[in-house]
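Visitor: Pasting a structure here, questions to come.
The values are calculated or read from the model by the stated rules, or taken from the named source; none is laboratory data. On a predicted model such as this, the values are computed, not experimentally measured, just so you know. Cβ coordinates were reconstructed from backbone atoms using ideal geometry, including for glycine residues, and neighbour counts include every protein chain displayed. Areas reflect the complete protein model, heavy atoms only, side chains present, ligands, DNA and RNA absent. Shrake-Rupley method; radii C 1.70, N 1.55, O 1.52, S 1.80 Å.
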Amino acid sequence: MGGVGEPGGGPGPREGPAPLGAPLPIFRWEQIRQHDLPGDKWLVIERRVYDISRWAQRHPGGSRLIGHHGAEDATDAFHAFHQDLHYVRKFLKPLLIGELAPEEPSQDGAQNTQLIEDFRALRQAAEDMKLFEADRTFFALLLGHILAMELLAWLIIYLFGPGWVSSILAALILAISQAQCWCLQHDLGHASIFTKSRWNHVAQQFVMGQLKGFSAHWWNFRHFQHHAKPNIFHKDPDVTVAPVFLLGESSVEYGKKKRRYLPYNHQHLYFFLIGPPLLTLVNFEVENLAYMLVCLQWTDLLWAASFYSRFFLSYAPFYGATGTLLLFVAVRVLESHWFVWITQMNHIPKEIGHEKHRDWASSQLAATCNVEPSLFIDWFSGHLNFQIEHHLFPTMPRHNYRRVAPLVKAFCTKHGLHYEVKPFLTALVDIIGSLKKSGDIWLDAYLHQ
């Protein structure tokens, strides 16, 4: 076998696919680490090295998502994001440029090999238990109860008129329906309902577009990045919120650099004014529309237009244009409160900072915690109270989280990983506590360093 940099060894700085039948070139991690630049990305999957530099822009999940794993072992991420591995591997073949040298470890850096092997055994056990198979009746009932709430809200206004009591009740029901739509489209976005990715995507476009007025592509673009690198600055959009809020390590950084765009020591207070009330109504609406226009997502734009047309045609006869707009704003504000509290109670109080290059399981557990389950909390949160299980196995149907949870707990116990479970109200209060703690750290660094 040739040395590194030769056939059977390792090629030069830019390589094409290895010829059929030829020995695969071999690489060392020190070579692979050099290819984590814009326009020059390699990654490793199952000890094989792939050059994704030119193909990343065509990646269905977006170039940022796959690029976040540049110069890393992406084996567990590859398995986590894809249901039909046989189908996906067809796209990898033209990108193959070599393999790791036999003496090289499968992961770069000081990672726990036994932990990684045990996690993969855990995933295999879940597959053997058929925990990645969806109960279609469960999801059909979810869609049915969403449509029933949409109809009920309209019937209340139709039967009782647009008075204050009926309007408030209708807005609450519509907000709950919108919240449950977030959950259902989230299931579809992770391809956890149908075996065919295409079916999941079409159904997600309907739920996200017709029932919510948002773009499925926009949601997947930002949400998959969150799953790939949770709570990592500049890779997880959910925590890249400076300079409005400071989270985790950004508190010290802003303090040392004497940056004071807002009174961050009071961010736990102004959070109530601009966080829960405005995220969906302002930030998401603007970001979503900009994404559809810039990325030319015309199908998503038509789906979104169908939502707004339906909403205004349904309620304008009772409220007029201005009243219908006010009803829409009220629903979005209520829905936004649900979204912020439910989605962030599992993440904001956890470790937030820069890339640590951990293995898949350790990185997910460092950024997530669970909330004590109950029939109500499971439904109300869309089973996001099982955030640990969801992050470890994104494509697993949510009705199976309870079944896999004992296996995950045993895995965490064996390897000394913190499997954190909180009461619901504690999880909500911890969001405010975390913001206050970050603000206090910023103030201390600002004044004394």
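Visitor: Consider residue 34 against the criteria (1) in contact with a strand residue (DSSP E or B) (Cβ under 9 Å, 6 or more places away or on another chain); (2) more than 21 Å from residue 106 (Cβ to Cβ); (3) at pLDDT 90 or above: it satisfies all of them except one. Which criterion is unmet?
Guide: Every listed condition holds for residue 34 apart from (2).
Visitor: Further question on the same structure: Among the numbered criteria (1) assigned to a loop (DSSP other than H, G, I, E, B); (2) within 30 Å of residue 106 (Cα to Cα), which one does residue 361 miss?
Guide: If we test residue 361 against (1) assigned to a loop (DSSP other than H, G, I, E, B); (2) within 30 Å of residue 106 (Cα to Cα), just (1) comes out false.
Visitor: Name the single residue, out of those in segment 315-331 being in contact (Cβ under 8 Å) with a residue 60 or more places away in the chain and buried (at least 16 other Cβ atoms within 10 Å of the Cβ), that is nearest to the chain's Cα centre (by Cα).
Guide: Step by step, filter segment 315-331, then rank; the result is 331.
Visitor: Test residue 242 against the criterion of being without any contact (Cβ under 8 Å) to a residue 40 or more places away in the chain, under 25 Å from residue 69 (Cα atoms), of a type in the set (Gly, Ala, Ser) and in a loop (DSSP other than H, G, I, E, B), and give yes or no.
Guide: yes
Visitor: Check whether at least one residue in segment 412-424 is in contact with a Pro (Cβ under 7 Å, 6 or more places away or on another chain), over 20 Å from residue 181 (Cβ atoms) and in contact (Cβ under 8 Å) with a residue 40 or more places away in the chain, and report yes or no.
Guide: Taking every residue of segment 412-424 in turn, none turns out to be in contact with a Pro (Cβ under 7 Å, 6 or more places away or on another chain), over 20 Å from residue 181 (Cβ atoms) and in contact (Cβ under 8 Å) with a residue 40 or more places away in the chain.
Visitor: Taking the conditions exactly as written (in the same structural domain as residue 289 (by the TED database), modelled with pLDDT of 95 or more, part of a helix (DSSP H, G or I) and crowded, with 21+ Cβ neighbours inside 10 Å), does residue 202 satisfy them or not?
Guide: So residue 202 fails the test.
Table: residues versus (1) open to solvent by less than 10 Å² (accessible area, probe 1.4 Å); (2) at pLDDT 95 or above.
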residue	(1), (2)
354	no, no
382	yes, yes
386	no, yes
403	no, yes
415	no, yes
431	yes, yes
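Visitor: May I ask you to list the residues in segment 44-58 that are in contact with a Phe, Trp or Tyr (Cβ under 9 Å, 6 or more places away or on another chain) and closer than 21 Å to residue 232 by Cβ?
Guide: The answer is 44, 45, 52.
Visitor: For segment 239-261, indicate whether the set of residues that are within 16 Å of the chain's Cα centre (by Cα) and surrounded by 20 or more Cβ atoms within 10 Å (Cβ to Cβ) is non-empty.
Guide: Yes: one or more hits.
Visitor: Restricting to segment 433-449, what's the tally of residues that are within 11 Å of residue 349 (Cα to Cα) and buried (at least 19 other Cβ atoms within 10 Å of the Cβ)?
Guide: 3
Visitor: Please verify whether residue 212 is under 26 Å from residue 436 (Cα atoms) and in the same structural domain as residue 307 (by the TED database), treating the condition exactly as stated.
Guide: Here the answer is no, as residue 212 does not meet what is asked.
Visitor: Would you pick out the residues in segment 177-194 that are more than 17 Å from the chain's Cα centre (by Cα), part of a helix (DSSP H, G or I) and touching a residue at least 60 places away in the same chain (Cβ under 8 Å)?
Guide: Listed by number, the list holds a single entry, 178.
Visitor: Pick from 160, 138: which is within 26 Å of the chain's Cα centre (by Cα) and either among the aromatic types (Phe, Trp, Tyr) or at pLDDT below 95 (or both)?
Guide: 138 is the lone residue from the list that is within 26 Å of the chain's Cα centre (by Cα) and either among the aromatic types (Phe, Trp, Tyr) or at pLDDT below 95 (or both).
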